[in-house]
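The values are calculated or read from the model by the stated rules, or taken from the named source; none is laboratory data. Computed from a predicted structure; not experimentally measured. Glycine gets a Cβ as well: all are built from the backbone with ideal geometry, and neighbour counts include every protein chain shown.
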Amino acid sequence: MTAVTEDQVRAAGQSAKSASRPFSAFERMVAWRYLRSRRKEAFISVIAGFSFIGIMLGVATLIIVMAVMNGFRTELISRILGINGHMIVQPIDGPLNNYAELATRFSGVKGVTMAIPLIEGQVLAQGVGDSSTGALVRGIRADDLGKMKSVSEQIKSGDLVGFASGTGVAIGSRMAEKLGIQVGGSITLTSATGDVTLPLVKAYTVSAIYEIGMWEYDSTIIFMPLEEAQLVFNAEGLAQSIEIFVEHPDAVDEMRQPVEDAAGRQIFISDWRDRNQTFFATIEVQRNVMFMILTLIVLVAALNIISGLIMLVKDKGSDIAILRTMGATAGSVMRIFFMTGAAIGTAGTVAGVLLGVVVCLKIEAIRQFFSWISGTTIFSPELYFLNQLPADMDAAETMLVIGMALSLSFLATIVPAWRASRLDPVEALRYE
């Protein structure tokens, strides 16, 4: 931080007397010189540097974490809703034997994009050798599986021709890897619903291997033709439920009455929010808690600005006194130190935003790099359900982070700047 020369003080005094607007040229000049390091004020400069780094890291971390939490929620919703219906219809007054007719009726309801009859059941899946795993069989019509783009457009190998002929099944890539099965291979399913004393054991040809990108689905779900699933689970001519997909998942409440009217019988309706309420509520709580915790980083950096400016005011007491005697007003001195602190906060916020954006754009590459360095899997799909680390920056949240960081930085400068403006020139010069 460079001292202010006598000529500059005189010029500053003249400028201060004639300045009719805030943040005049001399105020900006003095504030800039106070930001520049000089050997004897090196400690103050170090504090300013730590304040800058703290705000930068705090803002960047907030942006990255919020983007990852948003991306995590968005990816999970898109995958969960891509393979599960937004509304699940089950009969109350009897077995669902007219499922084809009801599916046609529901498909005709305005706002409904697809209605799929389903049969679900647990089985034991066995592959090559002694490899086995628990699995969930979903019996579905071939045409309906073709319409389910989250599966039909994510076929990693094989096709749905064998599925359409009723002789093949589709399994996830994780399951295929675990059981050592390839397209054309055989998977043996054991179901306890065949007979209490004699479980049903049957082998099926794997006609397609899909990869949705969600570990739980890719490792557990087997799609089977509906007619074959009816035989496996002793439900000939029946369906367990009808899953309805709508144009606007957030507006499922508005769809309940039209669906009930189209059913023409007593039905029970649940929606995707009911089935995943705890899961998404947990994500939202984690997101809010992380925001509050990481805000403390920015707050600590703002406190560093306060301590740095207080030390600067004490060190520059004689300069302030000379400025005041040359005609600088208390408001002018206050603005000088306000600009000094605000410059640190603004620069740190801008640098933090740039760092956060870069990391969010390259988040998956960074994850893979650190996984390679550490030799471990960071963001394991077995724990976090997704194969890749997502990041979805929200403009409103980013602006909130920027506004919060700038506000804390500006508020931190008020007290030191006010103390500088209240400094008595006589007292300041007396102790020099």
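Here is a list of conditions, (1) farther than 27 Å from Ser407 by Cβ; (2) touching a residue at least 24 places away in the same chain (Cβ under 8 Å); (3) part of a helix (DSSP H, G or I), and Gln368 meets all of them except one; can you say which number that is?
Only one criterion is unmet by Gln368, namely (2).
On the given criteria, is Ser107 surrounded by fewer than 18 Cβ atoms within 10 Å (Cβ to Cβ), free of Cβ contacts under 8 Å to residues at least 12 places away in the same chain and among the hydroxyl-bearing types (Ser, Thr, Tyr)?
Working: surrounded by fewer than 18 Cβ atoms within 10 Å (Cβ to Cβ): yes; free of Cβ contacts under 8 Å to residues at least 12 places away in the same chain: yes; among the hydroxyl-bearing types (Ser, Thr, Tyr): yes.
Judged against the criteria, Ser107 is a match.
Before we move on, is Ile116 modelled with pLDDT of 90 or more, in a strand (DSSP E or B) and not assigned by TED's automatic domain parsing to the domain that holds Ser186?
no
Out of curiosity, is Ser270 modelled with pLDDT under 90, closer than 27 Å to Val89 by Cβ, of a type outside the set (Lys, Arg) and outside the structural domain of Gln122 (by TED's automatic domain parsing)?
Considered against the rule, which asks whether it is modelled with pLDDT under 90, closer than 27 Å to Val89 by Cβ, of a type outside the set (Lys, Arg) and outside the structural domain of Gln122 (by TED's automatic domain parsing), Ser270 comes out as yes.
Is one or more of the residues making up the stretch 146-161 assigned to a helix (DSSP H, G or I), touching a Gly at 6+ places or on another chain (Cβ under 7 Å) and either over 19 Å from Val232 (Cα atoms) or not β-branched (Val, Ile, Thr) (or both)? Quick ask: steps written out before the conclusion?
Going through the stretch 146-161, the residues assigned to a helix (DSSP H, G or I) turn out to be 146-147, 149-152, 161.
The next check asks that each one be touching a Gly at 6+ places or on another chain (Cβ under 7 Å); those that pass are 150, 152.
Checking the rest, the ones that are also either over 19 Å from Val232 (Cα atoms) or not β-branched (Val, Ile, Thr) (or both) come to 150, 152.
Within the stretch 146-161 (the criterion being assigned to a helix (DSSP H, G or I), touching a Gly at 6+ places or on another chain (Cβ under 7 Å) and either over 19 Å from Val232 (Cα atoms) or not β-branched (Val, Ile, Thr) (or both)), the answer is yes, since at least one residue qualifies.
Output yes when any residue across the stretch 249-257 is hydrophobic (A, V, I, L, M, F, W, C), farther than 20 Å from Tyr99 by Cβ and modelled with pLDDT of 90 or more, and no when none is. If you could, list the steps in order and put the result at the bottom.
Within the stretch 249-257, the first condition is being hydrophobic (A, V, I, L, M, F, W, C), and the residues that meet it are 251-252, 255.
Subsequent filtering for residues that are farther than 20 Å from Tyr99 by Cβ retains 251-252.
If we keep only those that are modelled with pLDDT of 90 or more as well, we get none.
No, because not a single residue in the stretch 249-257 is hydrophobic (A, V, I, L, M, F, W, C), farther than 20 Å from Tyr99 by Cβ and modelled with pLDDT of 90 or more.
Which of the numbered conditions does Thr346 fail, given that it passes all the others? Conditions: (1) without any contact (Cβ under 8 Å) to a residue 40 or more places away in the chain; (2) closer than 26 Å to Leu400 by Cα.
(1)
Matching residues to (1) over 24 Å from Asn84 (Cα atoms); (2) in a loop (DSSP other than H, G, I, E, B):
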| position | (1), (2) |
| --- | --- |
| Val169 | no, no |
| Arg174 | no, no |
| Ile181 | yes, yes |
| Gly237 | no, yes |
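Testing Asp218 on (1) modelled with pLDDT of 80 or more; (2) surrounded by fewer than 18 Cβ atoms within 10 Å (Cβ to Cβ); (3) under 22 Å from Ile80 (Cα atoms); (4) not assigned by TED's automatic domain parsing to the domain that holds Asn70, one condition comes back false. Which one is that?
(2)
Results for (1) loosely packed, with under 14 Cβ neighbours inside 10 Å; (2) more than 30 Å from Ile402 (Cβ to Cβ), shown as yes or no for each residue.
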site	(1), (2)
Ile244	no, yes
Asn288	yes, no
Val298	no, no
Ala301	no, no
Ile305	no, no
Gly327	no, yes
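If you check Val206 against the conditions, is it crowded, with 21+ Cβ neighbours inside 10 Å and assigned to a strand (DSSP E or B)? Show your work before the answer.
Details: crowded, with 21+ Cβ neighbours inside 10 Å: yes; assigned to a strand (DSSP E or B): yes.
The answer is yes for Val206.
Looking at Gly168, Gly184, Gly172, can you tell me which residue is assigned by TED's automatic domain parsing to the domain that holds Leu124 and surrounded by fewer than 21 Cβ atoms within 10 Å (Cβ to Cβ)? I'd like the intermediate steps shown before the answer.
Working: Gly168 fails: surrounded by fewer than 21 Cβ atoms within 10 Å (Cβ to Cβ); Gly172 fails: surrounded by fewer than 21 Cβ atoms within 10 Å (Cβ to Cβ).
None of the other options fit; the residue is Gly184.
Filter the stretch 149-167 for residues that are farther than 19 Å from Ile83 by Cα and of a type outside the set (S, T, N, Q) and give the result.
Correct list: Gly158, Val161, Gly162, Gly166.
Looking for something touching a strand residue (DSSP E or B) at 6+ places or on another chain (Cβ under 7 Å) and assigned to a helix (DSSP H, G or I) - is there at least one such residue anywhere in the stretch 269-286?
Within the stretch 269-286, not a single residue is touching a strand residue (DSSP E or B) at 6+ places or on another chain (Cβ under 7 Å) and assigned to a helix (DSSP H, G or I).
Of all residues in the stretch 292-312, which are of a type outside the set (S, T, N, Q) and closer than 17 Å to Met339 by Cα?
From the stretch 292-312, those of a type outside the set (S, T, N, Q) are 292-294, 296-303, 305-306, 308-312; that's our starting set.
Answer for the stretch 292-312, where residues must be of a type outside the set (S, T, N, Q) and closer than 17 Å to Met339 by Cα: Ala301, Ala302, Leu303, Ile305, Ile306, Gly308, Leu309, Ile310, Met311, Leu312.
Search the stretch 135-151 for residues that are free of Cβ contacts under 8 Å to residues at least 40 places away in the same chain and pair each with any residue that is not hydrophobic (A, V, I, L, M, F, W, C) when their beta-carbon atoms are under 6 Å apart and the residues are at least 6 apart or on different chains.
Hits for this filter: Gly146/Ser152.
Considering only residues that are assigned to a strand (DSSP E or B), surrounded by fewer than 21 Cβ atoms within 10 Å (Cβ to Cβ) and within 31 Å of the chain's Cα centre (by Cα), which ones fall in the stretch 83-104? Spell out the reasoning first.
From the stretch 83-104, those assigned to a strand (DSSP E or B) are 87-91, 96; that's our starting set.
Next, only the ones that are surrounded by fewer than 21 Cβ atoms within 10 Å (Cβ to Cβ) stay: 88, 90.
Across the stretch 83-104, the qualifying residue is only Ile88.
Criterion first (modelled with pLDDT under 75 and not basic (Lys, Arg)) does Leu309 satisfy it? Walk me through how you get there before you give the answer.
Values: modelled with pLDDT under 75: no; not basic (Lys, Arg): yes.
Answer is no for this residue.
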